[in-house]
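The values are calculated or read from the model by the stated rules, or taken from the named source; none is laboratory data. This structure is a prediction, so every number in the text was calculated from the model and none was measured. Here Cβ is always computed from backbone atoms with ideal geometry, including for glycine, and neighbour counts include all displayed protein chains.
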């Protein structure tokens, strides 16, 4: 593994920053302290700072030479609304708030790269280090774009990275094209007519209508969508009634839809609406259909992905870079940035949990788990990747 020596020597400082952020988690659009930590470090390293995009977003501007070319590197900063089970010294100090997805580590890795680039970087152009709020459901990437990120910080490409538990430390995964799914949620309320449960003929039973809708929706995946196109429709909640001898007036279906393309998403939303509406009508009921599109699919651009793979292979060796990693049905709002700019998003192996001082607690060291912790061994690896990526993208002899 070819890591950058000054970054390796800066490891303890990065670990201290990471654990400080972990101990003080902040939810989406509340990352004021975290943003202050980021900005204060950047300013101490003589890096100009832009603030306010995406409410609490921070962008460092690292410029060398005379070229107008620029590249963006992005990390997320927010935590999750969940209780941490860990008992180590840097565990969350705030109830029901936890860095259970490693955004503390993402922030520290990018700070490590910024520190090196400001002190030793060899490139011609501008590197924008983007510290984004509100990835966990708040669409902070979209908000930063709406607040003028790419106008104020014009760049030709943007790159992102996420730790991946289970993948060995020192490995990376990436794939061109769809890598993470769109995230969407639905709520359907069936309006029927309640009655005594002993007299069902006097009702329009919303529960039976909801059951018919739920079953029929599964034919969208099996019969309307092409078998080679990925799509998930999961009903995660059904709510109806409050007594054993009463047929209620309404029933509610709630869940999520995940796809790798907008075309499949359009198809699934329309078919869900049609099936719900016409099934309800057939039983004499009505429906309220709500479908919310949260994050689009994350689609890596081919040229930038090939470039990232080449950089990664130079750092960790070709056998340690899976350039056709299996996409995941999880979602990421970095997808908004990849809709606006060419770029690539990679997974960095977080190990199998062996780094945990207290073992695995009440659960495995997986993302969004109360026993999760970011592996600090990744800090110099991720920071080295960011540096080598930026330097290669803005090499003095690049056209």
Checklist entry - In segment 272-298, which residues are buried (at least 21 other Cβ atoms within 10 Å of the Cβ) and touching a strand residue (DSSP E or B) at 6+ places or on another chain (Cβ under 6 Å)? => result 276, 280, 285, 287, 295, 297, 298
Checklist outcome for this item: Restricting attention to segment 177-210, the residues that are surrounded by fewer than 20 Cβ atoms within 10 Å (Cβ to Cβ) and closer than 30 Å to residue 334 by Cα number exactly 4
Next on the checklist: If residue 51 satisfies all but one of (1) over 21 Å from the mean Cα position of the chain (by Cα); (2) closer than 24 Å to residue 373 by Cβ, what's the number of the condition it fails?
Outcome noted: (2)
Checklist entry - Just wondering, is there one or more residues in segment 258-269 that are at negative phi, part of a strand (DSSP E or B) and either surrounded by 21 or more Cβ atoms within 10 Å (Cβ to Cβ) or modelled with pLDDT of 95 or more (or both)? => result yes
Next on the checklist: Given the condition surrounded by fewer than 24 Cβ atoms within 10 Å (Cβ to Cβ) and either in contact with a strand residue (DSSP E or B) (Cβ under 8 Å, 6 or more places away or on another chain) or without any contact (Cβ under 8 Å) to a residue 60 or more places away in the chain (or both), answer yes or no: does some residue in segment 19-29 qualify?
Outcome noted: yes
Item to check | strands (runs of 3 or more DSSP E) wholly inside segment 29-111 containing at least 2 residues that are more than 22 Å from residue 348 (Cβ to Cβ) | outcome: 49-51, 58-64
Checklist entry - Before we move on, is residue 349 at pLDDT 95 or above, over 20 Å from residue 155 (Cβ atoms) and out of contact with any strand residue (DSSP E or B) (no Cβ under 8 Å at 6 or more places or on another chain)? => result no
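Here is a yes/no grid of residues against (1) assigned by TED's automatic domain parsing to the domain that holds residue 132; (2) more than 12 Å from residue 132 (Cα to Cα); (3) surrounded by fewer than 21 Cβ atoms within 10 Å (Cβ to Cβ); (4) in contact (Cβ under 8 Å) with a residue 12 or more places away in the chain:
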{"position": "40", "(1), (2), (3), (4)": "yes, yes, yes, no"}
{"position": "48", "(1), (2), (3), (4)": "yes, yes, yes, yes"}
{"position": "51", "(1), (2), (3), (4)": "yes, no, yes, yes"}
{"position": "62", "(1), (2), (3), (4)": "yes, yes, no, yes"}
{"position": "69", "(1), (2), (3), (4)": "yes, yes, yes, yes"}
{"position": "83", "(1), (2), (3), (4)": "yes, yes, yes, yes"}
